[in-house]
1. Taking +1 at the Cβ of each Lys and Arg and -1 at the Cβ of each Asp and Glu, which of A:84, A:370, A:248 sits farthest along the dipole of chain A towards its positive end, judged by Cα position relative to the Cα centre?
2. Determine the distance separating the Cα centre of region B:13-39 from the Cα centre of region B:312-371; give it in Å without decimals.
3. At 7 angstrom along the Cα-to-beta-carbon line, where would the label on residue B:288 sit relative to the other copies? Give the distances in nm, shortest first.
4. If you take every DSSP beta bridge fully contained in chain B, what fraction is antiparallel? Give it as a percent rounded to 5.
5. On average, how many beta carbons from a partner chain sit within 10 Å of the beta carbon of a residue in A:136-143?
6. Charges on Cβ only, +1 for Lys and Arg, -1 for Asp and Glu, centred on the Cα centroid of chain B; of B:292, B:154, B:24, which one is farthest towards the dipole's positive end?
7. In terms of modelled amide H atoms, which long-range or inter-chain residues lie less than 5 Å from the amide H of residue A:306?
8. Kindly identify region A:303-371 as rounded, prolate or oblate by the Cα gyration tensor criterion: order the square roots of the eigenvalues as a ≥ b ≥ c, call it rounded if a/c is under 1.5, otherwise compare a/b with b/c, prolate if a/b is larger, else oblate.
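The values are calculated or read from the model by the stated rules, or taken from the named source; none is laboratory data. Keep in mind that what you see is a predicted model, and the values were worked out from it rather than measured. Reconstructed Cβ throughout: ideal geometry from the backbone, glycine too, with neighbour counts over all protein chains shown. For accessibility, only protein heavy atoms count, side chains too; no ligands or nucleic acids. Shrake-Rupley method; radii C 1.70, N 1.55, O 1.52, S 1.80 Å.
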Number of protein chains: 2
Amino acid sequence: MNWTLETIPDDHPTPSVIISESIAEKNIRSMQAYCDQHRLKLRPHTKTHKSIWMAERQMRAGACGLTVAKAGEAEVMSSVCDDILIAYPAMGASRIARVTELAKRVRVSVGIDSRDAAEHLQNAAAAKGICLGILVDVEVGFHRTGVASCESAIRLCEYLSNQKNLYLRGLMCFPGHILPGAPDERWLEYEQALGAILDGLKAKGISVETVSGGSTPTARESHRNRYLNEIRPGTYVYNDVNEVRLGVCDWDDCAARVLVTVVSMPESNKIVVDGGSKTLSSDRNAANPDAGFGFVVGYPSAKITRLSEEHGEIHIPDIDLEAKALPKIGDRLWIIPNHICVCINLQNQFYLQDSENRLVEMPVNARGLLV
Amino acid sequence: MNWTLETIPDDHPTPSVIISESIAEKNIRSMQAYCDQHRLKLRPHTKTHKSIWMAERQMRAGACGLTVAKAGEAEVMSSVCDDILIAYPAMGASRIARVTELAKRVRVSVGIDSRDAAEHLQNAAAAKGICLGILVDVEVGFHRTGVASCESAIRLCEYLSNQKNLYLRGLMCFPGHILPGAPDERWLEYEQALGAILDGLKAKGISVETVSGGSTPTARESHRNRYLNEIRPGTYVYNDVNEVRLGVCDWDDCAARVLVTVVSMPESNKIVVDGGSKTLSSDRNAANPDAGFGFVVGYPSAKITRLSEEHGEIHIPDIDLEAKALPKIGDRLWIIPNHICVCINLQNQFYLQDSENRLVEMPVNARGLLV
């Protein structure tokens, strides 16, 4: 697939997300190969695609299981996987009820960072007579969730290892603060944060099977932390402007594009397309928040300056128009979104383009689920 | 309804959007009363609620018709309304096909700003043997879409009035640049921009029936522009932080709230809730972009500092904790979103709370439609 607009039927709806099957497959295989090479288990986060079809491809390529954020997503993904990690403190009565119900059918683990959460889950698991796997979420520098100190983490693990209906599987963390190619000191801090907890657990005779890291930007450097034996990247399956700007992939590795139509040309050098914040999301570029709301393929200097709900305003400077004419009203363009996970979550469906350029409509199965 | 958490069942799913029927009804009636008083037609923009049920309430209250942005939304809303304005340049083969098909059944008008758009629509309308209403979108200061000069607007109107299958209904504009309580000069500019075009049309013997303005922030000041005879506000039905911060409504006028659960308390004065960018959207507050991602009810000084996809990180300063205790893990909170239109668009359903505090699940009928 070479993303030629000629292969897309004139009456294909826009704005719509088109996924290159071959690029997605290549991304899946390449991440699996990295993990295999470094003896890491790969547990892809399905938040990016929310697609059963894509999850099945990841499982077939060698994933050890799947990661999700919500109970509803876990339920959906249980149709293709029987070992699911909810890498999220699954609190709230409705969510806990569904997680424990699902655990009757498949292996379910939950990432938590508090004794309160442990008590909620133990009580619910006991009431249903099931056992839940637990990963203790430890803070390693991103400061989102996670037990903040080594001592607290050890204490929580100790508490968990005494619960009848919880099974302490190990540690998880999210190294969202580490940029690709970060210096050794940064990785050493990260490694030591996990090492100190693992040493403390060992001293207490508590062994754990899993130490799970995450994030696509750090994924292919995970061997720099010798304690990790599992990773949970999500975005790598499709990639996006964030990943390209971080230097972890090229434009050719972006498997997802939004097809848009030019609907207005109100000023010279300005076009308006039918992809706005309800299609692309308002997520800004992580590395450069003022760089605009996506990448306009074919017009490398163009900037998506402002989004309304259904309008994307694009300024195309003269330098781009030396290489390629200004599009006309009714013409179509490709946009690569800043953040593909939130873009996909806005869609009810995507179109998978196969090697023969056929477009197959597929549902975003797990989008918009409540818990 | 007084938004007491006690009336929400413990196992109600979170994050979820709850709409107060009584506040929404009050907002609908009050905007209709303003319009009736000033002899303005009200054509509510359904982008905010995307709900057939809510659109029907607006129609029953006296709306002259409905406004939508997409062809798919027009199709959905045609079940309760036979006079629909697509306030959007409906370009692209798929969209045009659906717009012209719908025009066989109900009165459909489209807002356009170019001769190219006119030609596309004329050709399609002629091929189907139907007639489309047209509003010429004129630029009055927001610089999104719209014909930029008075002369070009008159020329486009003249062209349209000669098309067999297009019926020039009038002018539309989006005064998104005008803040509530703007000085008279600003409104005078706005009035003169429309007046000059209308005078020019009169001189050519072209009369138009509709001059349509928009935007909730300016809605209740629309009488300050004597040419307007229709307005298209959308957000007023629910309101949000943007509207409160602009001073056009109070917190009590916000009909929509997101119910969230506290899932983590990783630091003192910090909680993490299950509403992130996939629930609230990343839309920042229009008046103060760095003020956080929504309003935490009961904790007026709290700030939603960062959103991940399913995490909302909230810092609650000590001053708020003098009045109300820090919530615990598993507790629930209300968040009023910055921008309710994009928040609703992320939901598959909302819960309507009636006067007896019953929660009725209702679909967001027109969300995520393709064209």
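1. Positive-end residue among those listed: A:84.
2. Rounded to whole Å, the Cα centres lie 17 Å apart.
3. Output for residue B:288: 3.1 nm, nearest copy listed first.
4. Working: 26 of 56 bridges.
Taking every DSSP beta bridge within chain B, about 45 percent pair in antiparallel fashion.
5. Values: counts 0, 2, 0, 2, 0, 0, 2, 5.
Mean shielding by partner chains, rounded to a whole number: 1.
6. Of the candidates, B:154 comes out farthest on the positive side.
7. A:313
8. Details: a/c = 2.86, a/b = 1.55, b/c = 1.84.
It is oblate, given that a/c is not under 1.5 and a/b is not larger than b/c.
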